[in-house]
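Worksheet: one structure, shown below.
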Amino acid sequence: MTSIDLNADLGEGFGRWRLTDDEQLLSVVTSANVACGFHAGDAVTMRRVCELAAGRGVTIGAQVSYRDLAGFGRRAMDVPPAELAAEVAYQIGALEVFARAAGARVAYVKPHGALYNRVVHDEEQAAAVVDGVLLADASLPVLGLPGSRVLALAEQAGLPTVTEAFADRAYTDQGTLVPRGHEGAVVSDPEAVVERSVELARSGAVTSHSGARISVRARSLCLHGDTPGAVELARRVRARLAAAGVTVAAFA
């Protein structure tokens with residue numbers, strides 16, 4: 001039977017400001033990518049989301065990023081490798097405190113935003129992320145784009161790797177994500193997102209931005225929590241996957 005994990009970026013708030021409906025999304029997803037304070041999130045938010053996730057049996061992952069609160073981690077940055085490795089480990093360690101306090105643990109790591117896209121091709125930055133994960137916990141899986149350098153280097157270092165797909169993002173013919181800001185980069189039609197979710201789960205393929213059929217084999221499907229109507233969309237995706245005979249279960 002076909003099985004896939006549903007992950008979402010959660011805890012993306014700071015102080016009194018909240019972007020994601022964490023409580024409602026945690027009733028749908030099986031893995032939570034929790035912001036660790038560098039692009040969003042703070043101590044109170046991390047603790048709250050970890051408690052909610054643990055209480056609902058949702059797997060907790062550390063969503064690490066460049067230190068860029070003002071730009072939500074989506075601005076290109078050049079960070080020296082040793083510094084980036086230390087900052088990745090720091091973020092994982094911070095979230096681990098709250099995960100353990102909630103009776104759970106950090107079970108995987110996923111880069112966010114500009115860092116996520118950078119480590120698809122950038123050998124140096126990808127190696128720094130891997131070094132940071134190894135520094136924090138050499139058993140943690142790394143979640144990322146199929147064919148990315150960070151997954152290749154993680155495998156070489158002995159780290160488990162998990163591939164993911166995006167139903168609400170457009171793909172290039174090479175299997176990478178169309179950069180945000182480009183026309184059509186985000187798939188906004190809810191029905192199209194639902195149909196692409198089932199297609200990705202069942203066939204491991206999707207139609208690219210140019211109309212080409214490309215292979216995107218993934219063990220996890222990302223549902224963006226900051227999408228308008230994210231909760232209802234997530235519910236529709238999960239319901240349609242179940243109707244299509246796809247089992248939804250965490251990978252870790």
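The values are calculated or read from the model by the stated rules, or taken from the named source; none is laboratory data. Here the structure is a predicted model, which means the values were calculated and not measured. Neighbour counts are summed over all protein chains in view; Cβ atoms, including those assigned to glycine, are modelled from backbone coordinates with ideal geometry. With ligands, DNA and RNA removed, areas are computed over all heavy atoms of the protein, side chains included. Shrake-Rupley method; radii C 1.70, N 1.55, O 1.52, S 1.80 Å.
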Once neighbouring chains are kept in place and the probe is 1.4 Å, which whole percent of the accessible area of the chain is contributed by carbon and sulfur? 51 percent
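Given charges of +1 on the Cβ of Lys and Arg and -1 on the Cβ of Asp and Glu, with all other atoms neutral, how large is the dipole of the chain about its Cα centre, in debye to the nearest 20?
Charge dipole of the chain: 560 debye, to the nearest 20.
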Enumerate the residues in segment 94-135 having an amide nitrogen under 15 Å from the point lying 7 Å beyond the Cα of ASP226 toward its Cβ. 111-117
Pairwise label distance in nanometres, GLN174 with GLN156, each label 7 Å out on the Cα-Cβ vector: 1.9 nm
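Could you work out the per residue convex hull volume over the alpha carbons of segment 1-127, in cubic angstrom? Don't skip to the end; give the middle numbers.
On the way: hull volume 13.9 nm³, N = 127.
It is 109 Å³ per residue.
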Quick check for you: which residues of segment 20-51 have the amide N under 14 Å from the point 7 Å beyond the Cα of MET77 toward its beta carbon? 36-41
Rounded to whole Hz and in sequence order, give me ³J(HN,Hα) for segment 168-175 from the Karplus expression 6.51 cos²θ - 1.76 cosθ + 1.60, θ = phi - 60°, writing x for Gly and Pro. 9, 10, 7, 10, 7, 5, 8, x
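Add -39500 (n - 2.57) for each DSSP H run of 4 or more in the chain, then divide by its residues: what number comes out at 222 nm, to the nearest 500 deg cm²/dmol?
Calculated mean residue ellipticity at 222 nm is -12000 deg cm²/dmol.
Given the Cα-Cα distance of ALA212 and ALA86 and 0.36 nm per residue of separation, how much length would full extension add, in nm? List each step's numbers first, then the result.
Numbers: separation 126, 0.36 × 126 = 45.36 nm, distance 4.00 nm.
In short, 41.4 nm is gained.
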Could you go through segment 217-226 in sequence order and give the Karplus-derived ³J(HN,Hα) for each residue, using 6.51 cos²θ - 1.76 cosθ + 1.60 with θ = phi - 60°, rounded to whole Hz, and x for Gly and Pro? 7, 9, 9, 9, 10, 8, 10, 6, x, 9
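Taking only the Cα atoms of segment 146-216, how large is their convex hull per residue, in Å³? Walk me through the numbers on the way to the answer.
Details: hull volume 6.6 nm³, N = 71.
In segment 146-216, the Cα hull volume divided by residue count equals 93 Å³.
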Considering all projection directions equally, how large on average is the shadow of the alpha-carbon convex hull of segment 129-252, in square nanometres? 8.2 nm²
What is the Cα coordinate range of the chain on the first, second and third principal axes, sorted by size from largest, in whole angstrom? 40, 38, 35
What percent of all Cα-Cα pairs in segment 1-70 falls in each 5 Å bin, counting up from 0? 3, 19, 30, 24, 13, 6, 3, 1, 0
Could you pull out every residue, at least 5 positions away or on a different chain, whose amide H is within less than 5 Å of the one on VAL64? Hs are placed 1.01 Å off N in the peptide plane, and Pro or chain starts have none. LYS110, HIS112
With every protein chain present, what is the per residue accessible area of segment 1-155 (1.4 Å probe, Å²)? 39 Å²
Heads up, I need the accessible area for LEU69: 1.4 angstrom probe, whole protein in place, Å², nearest 10. 90 Å²
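Report the extension gain between SER139 and GLU191 in nm, rounded to one decimal, defined as 0.36 nm multiplied by the number of residues separating them, less their alpha carbon distance.
Values: separation 52, 0.36 × 52 = 18.72 nm, distance 3.77 nm.
Extra length available between SER139 and GLU191 comes to 14.9 nm.
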Sort the following peptides by mean Cβ neighbour count (other Cβ atoms within 10 Å, averaged over residues), highest first: 36-49, 157-170, 204-217. 36-49, 157-170, 204-217
Suppose a student asked you for the relative contact order of the chain, using Cα pairs under 8 Å spaced at least 6 residues apart; what percent would you report? 22 percent
Over all directions, how big on average is the projection of the convex hull of the alpha-carbon atoms in segment 116-180, in square nanometres? 4.3 nm²
